[in-house]
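The values are calculated or read from the model by the stated rules, or taken from the named source; none is laboratory data. Since this is a predicted model, take the numbers as computed values, not measurements. For neighbour counting, all protein chains shown are included, and Cβ atoms are generated from backbone atoms with ideal geometry for every residue, glycine included. What goes into the accessible areas is simple: the full protein's heavy atoms, side chains included, and nothing from ligands, DNA or RNA. Shrake-Rupley method; radii C 1.70, N 1.55, O 1.52, S 1.80 Å.
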Amino acid sequence: MHRALPALLSTALTVFAIVSGCSSNSDIEGTPLAGSGAEGTQASGDDASVGGSSSGSGGGGSCVSLPPAPIDPSTLPSCCTAGAAHCVPTASVPSGDVAALAACSGGYCVPDPFITNPDYLPPACTAFNGTPGTCLSLCVPQVEQYKTILTQTTCAATELCAPCTNPLTNQPSGACAFVAPTQCAADGGRGSGSSSGAAPPEGDGAPPAAVCPHTGPPVLNPDTLPACGTEGGAHCLQSALVPASLQAQLATCSGGFCVPDSFIEAGGNFIPPTCESLDSAEGRCLNVVIPEVAAQASQLPQSSCQVFEKCVPCFSPIDGTKTGACNLSCDPGPTQPIVLFPSCCSEDGTDEGRCVPTSIISSTEQKNLDADSCKVSGNLCVPSEMLNIATFKPPTCTATGFLVGSYTGVCLSSCLSFGIQGIALAQGSCDSIHTCAPCTNPLTGAATGAPGCP
């Protein structure tokens with residue numbers, strides 16, 4: 001066999017990267033459609049001898065055009081149901097092409113045009129956002145893998161248009177790096193790029209780096225993907241396009257992960273809108289489809305965000321640690337000072353609570369709280385230890401209370417309002433700033449619902 005495919009599609013058209021941003025160090029390798037474009041464009045001596053094309057490797061050596069004889073695909077086993085391709089024996093497939101092809105019995109599955117025509121160059125087409133592309137067969141595994149985001153445009157029914165340039169980095173994707181084996185470079189060696197067919201015009205030097213944040217038309221139209229989430233503004237992106245390091249931060253959907261549209265449209269190069277979060281603190285609008293946002297959605301304001309977003313503060317209002325909301329992708333970071341909930345409930349000379357707006361406190365919890373020293377109307381004093389109810393685990397205790405006798409329970413902050421029942425409770429085995437709250441009513445045996453009880 002003469003020539004199969006160049007070693008193209010070697011890395012990924014990674015559509016978004018929530019955290020990695022747009023620096024030149026961003027890692028987008030590991031999946032197809034984002035290669036450097038240089039690999040596979042110049043065959044080695046071994047590959048050239050197998051294919052029957054010129055020997056020489058660009059450096060002043062001679063270049064002799066010896067086109068191989070075409071092969072009749074019908075003499076080979078068929079290997080693809082998505083298009084016309086046949087199984088070429090391993091010995092006839094250049095080693096540099098193997099990674100781009102599907103394996104078949106005794107060889108690799110090569111689209112028919114590359115088998116029948118030694119000088120075949122895939123037709124040019126228009127890919128993402130009107131950018132140049134090349135028509136590649138669905139029998140190429142990585143074309144089949146990304147068929148949900150590639151368009152057909154002017155390509156044949158069994159082909160899709162793969163972009164010549166990775167829209168994330170503006171670097172060649174490798175999809176257009178085809179060189180006919182009979183073509184020679186001016187220095188007598190093998191050419192390093194196609195002078196015809198689908199290859200994009202040569203420029204002066206490397207293309208510019210991707211702009212961060214992204215401007216212009218969407219890198220990928222989310223509407224071409226299945227919708228996901230219940231609030232809107234998100235679509236299901238196949239797993240291969242989502243960096244492994246980010247998958248744990250997203251909800252799953254059929255065949256992939258549920259990704260906010262703003263991430264997809266910008267190809268990961270984005271800055272979420274700034275908004276006013278809790279206690280007027282600086283925040284960013286993030287889609288509630290992100291599990292960590294969804295878990296706190298009831299406690300976060302809508303602010304100026306869209307209906308499917310909440311305003312996540314840049315810093316935790318409890319302890320001032322970064323939430324990460326203002327450090328995503330191209331975001332330069334927060335510009336306003338840290339805003340903490342005011343302190344309250346001074347016990348033994350220390351502030352044991354925080355003044356929290358009632359807008360983020362459930363009505364069932366409000367009855368156990370009071371304003372204490374909180375000066376802002378509508379704020380209630382919440383024990384600091386209970387602000388993260390997911391990790392709050394009060395110790396067990398025993399006590400002897402007025403009228404109720406001995407009981408077991410959990411140590412809860414004395415900042416809580418125990419109401420009239422408080423006169424029957426005691427410190428028991430708790431420390432001086434906690435009260436032993438029973439898990440069951442000593443008089444009736446009914447569960448009290450105290451936090452941390454079984």
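Does THR435 count as out of contact with any Phe, Trp or Tyr (no Cβ under 6 Å at 6 or more places or on another chain) and within 19 Å of GLY353 (Cα to Cα)? Step through it out loud before you land on a result.
Values: out of contact with any Phe, Trp or Tyr (no Cβ under 6 Å at 6 or more places or on another chain): yes; within 19 Å of GLY353 (Cα to Cα): yes.
Considered against the rule, which asks whether it is out of contact with any Phe, Trp or Tyr (no Cβ under 6 Å at 6 or more places or on another chain) and within 19 Å of GLY353 (Cα to Cα), THR435 comes out as yes.
Given (1) at pLDDT 90 or above; (2) loosely packed, with under 15 Cβ neighbours inside 10 Å, identify the lone condition not met by GLY60.
Of everything listed in (1) at pLDDT 90 or above; (2) loosely packed, with under 15 Cβ neighbours inside 10 Å, GLY60 misses just condition (1).
Given the criterion open to solvent by 50 Å² or more (accessible area, probe 1.4 Å), closer than 29 Å to GLU282 by Cα, in contact (Cβ under 8 Å) with a residue 24 or more places away in the chain and of a type in the set (Ser, Thr, Tyr), identify the matching residue among SER363, SER429, SER377, SER373. Outline the logic, then answer.
Details: SER363 fails: in contact (Cβ under 8 Å) with a residue 24 or more places away in the chain; SER429 fails: closer than 29 Å to GLU282 by Cα; SER377 fails: in contact (Cβ under 8 Å) with a residue 24 or more places away in the chain.
After ruling out the rest, the residue left standing is SER373.
Anything in the range 207-234 that is open to solvent by less than 80 Å² (accessible area, probe 1.4 Å) and at pLDDT below 75? List them, or say none.
Passing the criteria: PRO207, ALA209, ALA210.
Look through the range 398-426, keep the residues that are surrounded by 16 or more Cβ atoms within 10 Å (Cβ to Cβ) and in contact (Cβ under 8 Å) with a residue 40 or more places away in the chain, and return whichever of them is farthest from LEU387 (Cα to Cα).
For the range 398-426, the residue satisfying everything is GLY401.
Out of (1) out of contact with any Pro (no Cβ under 6 Å at 6 or more places or on another chain); (2) of a type outside the set (Val, Ile, Thr); (3) farther than 16 Å from CYS453 by Cα, what's the single condition that is false for ASN441?
(3)
Could you tell me how many of the residues in the range 216-268 are touching a strand residue (DSSP E or B) at 6+ places or on another chain (Cβ under 6 Å) and among the small types (Gly, Ala, Ser)?
Final tally of qualifying residues: 8.
Considering each residue of the range 432-454, count those that are without any contact (Cβ under 8 Å) to a residue 60 or more places away in the chain, of a type outside the set (Ser, Thr, Tyr), closer than 27 Å to ALA371 by Cα and assigned to a loop (DSSP other than H, G, I, E, B), and give that number.
Of the residues in the range 432-454, the ones without any contact (Cβ under 8 Å) to a residue 60 or more places away in the chain are 434-450, 453-454.
Filter again for of a type outside the set (Ser, Thr, Tyr), leaving 434, 436-439, 441-443, 445-447, 449-450, 453-454.
Checking which are closer than 27 Å to ALA371 by Cα leaves us with 434, 436-439, 441, 447, 449-450, 453.
Filter again for assigned to a loop (DSSP other than H, G, I, E, B), leaving 439, 441, 449-450, 453.
Matching residues across the range 432-454 total 5.
So which strands (runs of 3 or more DSSP E) stay within the range 104-159 end to end and still have 2 or more residues that are modelled with pLDDT of 90 or more, out of contact with any Lys or Arg (no Cβ under 9 Å at 6 or more places or on another chain) and of a type outside the set (A, V, I, L, M, F, W, C)?
Numbers: elements: 107-111, 124-126, 132-137.
By residue number, 107-111, 132-137.
Can you run down the residue pairs with Cβ atoms below 9 Å, 6 or more apart or on separate chains, where the first is in the range 108-137 and open to solvent by 30 Å² or more (accessible area, probe 1.4 Å) and the partner is of a type in the set (Asp, Glu)?
Going by the 9 Å Cβ cut-off, the qualifying pairs are TYR108/ASP97; THR116/ASP72; PRO123/GLU159.
Could you tell me how many of the residues in the range 385-417 are out of contact with any Leu (no Cβ under 9 Å at 6 or more places or on another chain), part of a loop (DSSP other than H, G, I, E, B) and under 12 Å from HIS434 (Cα atoms)?
Of the residues in the range 385-417, 2 are out of contact with any Leu (no Cβ under 9 Å at 6 or more places or on another chain), part of a loop (DSSP other than H, G, I, E, B) and under 12 Å from HIS434 (Cα atoms).
State the number of residues belonging to the range 97-146 that are touching a helix residue (DSSP H, G or I) at 6+ places or on another chain (Cβ under 7 Å) and farther than 30 Å from LEU237 by Cβ.
Count: 6.
Can you pull out the residues in the range 160-174 that are open to solvent by less than 10 Å² (accessible area, probe 1.4 Å) and either modelled with pLDDT of 85 or more or closer than 16 Å to PRO218 by Cα (or both)? Walk me through it before giving the result.
Step one: of the range 160-174, the residues open to solvent by less than 10 Å² (accessible area, probe 1.4 Å) are 161-164, 166, 173-174.
Residues satisfying the conditions are CYS161, ALA162, PRO163, CYS164, ASN166.
Quick check on my filter: what residues within the range 73-107 are in contact (Cβ under 8 Å) with a residue 40 or more places away in the chain, closer than 15 Å to VAL143 by Cα and either basic (Lys, Arg) or surrounded by fewer than 22 Cβ atoms within 10 Å (Cβ to Cβ) (or both)?
Within the range 73-107, ALA82, GLY83, ALA84, ALA99 meet the criteria.
In the range 355-384, which residues are assigned to a loop (DSSP other than H, G, I, E, B), more than 36 Å from the chain's Cα centre (by Cα) and not hydrophobic (A, V, I, L, M, F, W, C)? Give the steps one after another, and end with the answer.
Taking the range 355-384 first, the residues assigned to a loop (DSSP other than H, G, I, E, B) are 361-362, 367-378.
Restricting the remaining residues to those that are more than 36 Å from the chain's Cα centre (by Cα) gives 367-378.
Result: LYS367, ASN368, ASP370, ASP372, SER373, LYS375, SER377, GLY378.
Scan the range 127-150 and tell me whether some residue there is over 24 Å from LEU225 (Cβ atoms) and out of contact with any Leu (no Cβ under 6 Å at 6 or more places or on another chain). It would help to see each step written out before you state the result.
In the first step, residues of the range 127-150 are kept if they are over 24 Å from LEU225 (Cβ atoms); the result is none.
So far as the range 127-150 goes, no, none of its residues is over 24 Å from LEU225 (Cβ atoms) and out of contact with any Leu (no Cβ under 6 Å at 6 or more places or on another chain).
Only one of (1) open to solvent by 30 Å² or more (accessible area, probe 1.4 Å); (2) more than 24 Å from the chain's Cα centre (by Cα); (3) at pLDDT below 90; (4) not β-branched (Val, Ile, Thr) fails for PHE178. Which number is that?
Tallying (1) open to solvent by 30 Å² or more (accessible area, probe 1.4 Å); (2) more than 24 Å from the chain's Cα centre (by Cα); (3) at pLDDT below 90; (4) not β-branched (Val, Ile, Thr), PHE178 fails exactly one: (1).
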